[in-house]
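Comments concern the structure below.
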Amino acid sequence: MSLSLAISITGRLLAFAMFLQGLELFLLTRKKYFFEIWSFTNLKGDLEKGLPLSNSLIAFLFSGVMFKTIIVLQMIAAVIGLFYLDAFSFGILFFTHLMICIRFRGTFNGGSDMMTFVVLTGVLIAFNSSHVETQKLGLSYIAIHIIYSYFKAGLSKIIHADWRSGLALPVLLERSLFLDIRLITKKFHTKKHLYFIFCWCVLIFELIALGLPMFSQFTLYYFLAAALFHFVIYYSLGLNRFFWIWMSAWPAIFYSVSLLQTK
Amino acid sequence: MRFFKTMTTNLPTRFQFKIFVNLIRAMFPNWNFFDRIAYGFELEFKVKNSYKWERISFDQKRLPLGLFISPNCSMALAQVNILEHFARDIQELQAIKTEIHSKDLEDLTTFKMLRSILRVKLNESGFEDKVIQFKIVACDQVEKIDVYISDWIILGPI
């Protein structure tokens with residue numbers, strides 16, 4: 001994969017993921033009760049204590065109307081970014097994402113918001129320079145974070161006995177928002193060996209990510225496993241945002257890993 | 001220069017760096033996903049003259065295009081997150097204060113958001129009583145522990 005192709009695909013997938021994020025929020029803000037919970041009145045205390053801005057500016061920037069405006073701005077910038085890979089559109093996306101995260105007291109969806117910042121940063125580094133080495137740096141930044149995210153997630157799990165014994169997975173699935181997942185988990189409650197196998201599949205999948213730079217010939221297979229992994233996470237826990245933002249980072253991994261192969 | 005002056009006019013003297021860092025924490029990645037399978041949290045409520053606690057459900061249905069957009073599910077996950085944050089806020093308060101008053105908790109942002117969640121959820125189910133008590137319950141496979149039980153509160157209209 002060439003550098004320009006990797007940047008192009010990463011940028012477009014990122015724009016697509018952020019368009020979906022914006023669309024989701026846009027639909028939510030049209031629901032009657034959304035601003036009841038995430039009202040400025042409820043959030044005012046944290047915003048005024050946490051932002052070094054005047055109260056009037058905070059009230060303006062984080063009002064319901066401005067929030068909807070920022071979401072629409074994100075969607076527009078994302079559509080532009082899908083067709084024209086320019087630093088300005090992605091700079092707007094960085095701004096809108098930051099404002100939205102702050103509006104949700106830090107994150108709306110945890111890890112996917114963090115990874116969005118990672119991919120945005122890498123893409124902005126790549127877009128803001130005509131030097132090939134700087135562009136490579138942008139993609140490498142994304143690749144390092146993605147590989148590290150898998151490995152760190154696995155490392156954090158394997159030190160806990162619940163994961164090593166297979167007990168963690170049914171506990172996690174029993175907290176799913178989907179009734180069918182909870183029922184299936186309860187149905188297989190006695191099949192502890194199954195959960196043991198699945199837990200270790202997750203642990204091995206996450207931990208071996210660190211080997212990708214050294215065994216780049218397996219990148220495609222790992223990517224397919226990752227796509228399946230993120231789909232299963234969505235299907236069982238409802239985390240659809242994770243799927244798209246992690247997928248957007250994969251062209252950067254393919255390119256960065258291939259760089260190591262050519263050296 | 002004028003813009004800078006406008007931005008910083010009446011800068012709140014109660015600026016807290018810790019809250020600022022929390023607001024921008026998405027910029028500092030943390031990849032500890034589902035590492036510790038500790039307690040899950042449930043939200044329950046009861047009305048006056050009743051001994052029965054009822055659980056607030058955040059259950060969702062999977063939509064056909066849910067992989068692309070799933071607003072209700074994402075919102076439900078965010079609401080469950082508020083429960084977890086509230087439980088964490090209580091733990092943090094317990095660590096710094098020997099005695100916690102109702103006002104300490106009612107001033108928390110997470111308390112206000114929880115109250116709003118209750119208002120929304122009970123309104124959705126056509127519930128008419130406006131005076132309720134709620135509690136946060138920590139659950140694992142073995143036990144359930146009441147983390148917090150509120151005073152009687154008036155939910156008020158939406």
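Of the listed requirements (1) of a type in the set (Phe, Trp, Tyr); (2) touching a residue at least 40 places away in the same chain (Cβ under 8 Å); (3) open to solvent by 30 Å² or more (accessible area, probe 1.4 Å), B:Phe68 misses just one: (2). Of all the numbered requirements in (1) modelled with pLDDT under 65; (2) open to solvent by 50 Å² or more (accessible area, probe 1.4 Å), B:Tyr39 misses one, and that requirement is (1). Would you check which residues across the range A:217-229 are open to solvent by less than 20 Å² (accessible area, probe 1.4 Å) and touching a residue at least 24 places away in the same chain (Cβ under 8 Å) and list them? Matches in the range A:217-229: A:Thr219, A:Ala226. Of all residues in the range A:98-109, none are in contact with a helix residue (DSSP H, G or I) (Cβ under 7 Å, 6 or more places away or on another chain), farther than 30 Å from B:Glu106 by Cβ and assigned to a helix (DSSP H, G or I).
Among the residues examined, B:Phe41 does not qualify as under 30 Å from A:Cys199 (Cβ atoms), within 13 Å of chain A (Cβ to nearest Cβ) and part of a loop (DSSP other than H, G, I, E, B).
For beta carbons closer than 7 Å, sequence separation of 6+ or different chains, a first residue in the range A:98-109 that is without any contact (Cβ under 8 Å) to a residue 40 or more places away in the chain and at the interface with another protein chain (Cβ under 7 Å from one of its Cβ atoms) and a second that is in a loop (DSSP other than H, G, I, E, B) and open to solvent by 10 Å² or more (accessible area, probe 1.4 Å), the qualifying pairs are A:Cys101/A:Thr107; A:Cys101/A:Phe108. Of A:Leu20, A:Leu28, A:Leu14, A:Leu57, all but one fail to be within 11 Å of another protein chain (Cβ to nearest Cβ), assigned to a helix (DSSP H, G or I), open to solvent by less than 10 Å² (accessible area, probe 1.4 Å) and of a type outside the set (D, E, K, R); the exception is A:Leu28. Restricting attention to the range A:168-212 and to residues that are part of a helix (DSSP H, G or I), open to solvent by 40 Å² or more (accessible area, probe 1.4 Å) and within 12 Å of chain B (Cβ to nearest Cβ), the residue that is nearest to B:Pro71 (Cα to Cα) turns out to be A:Leu179. Tell me whether the range B:117-127 contains one or more residues that are open to solvent by 10 Å² or more (accessible area, probe 1.4 Å) and within 23 Å of A:Gly106 (Cα to Cα). No, that holds for no residue.
Among the residues making up the range B:44-78, those that are of a type outside the set (A, V, I, L, M, F, W, C) and at the interface with chain A (Cβ under 7 Å from one of its Cβ atoms) are B:Asp59, B:Gln60, B:Arg62, B:Gly66, B:Ser70, B:Pro71, B:Ser74.
Determine, yes or no, whether B:Glu84 is open to solvent by 20 Å² or more (accessible area, probe 1.4 Å), more than 10 Å from chain A (Cβ to nearest Cβ), over 13 Å from the mean Cα position of the chain (by Cα) and among the charged types (D, E, K, R). The answer is no for B:Glu84.
The values are calculated or read from the model by the stated rules, or taken from the named source; none is laboratory data. These figures come from a predicted structure and were not determined experimentally. Here the Cβ is made from the backbone with ideal geometry for all residues, glycine too, and neighbour counts use every protein chain on show. SASA here: full protein model, heavy atoms, side chains in, ligands and nucleic acids out. Shrake-Rupley method; radii C 1.70, N 1.55, O 1.52, S 1.80 Å.
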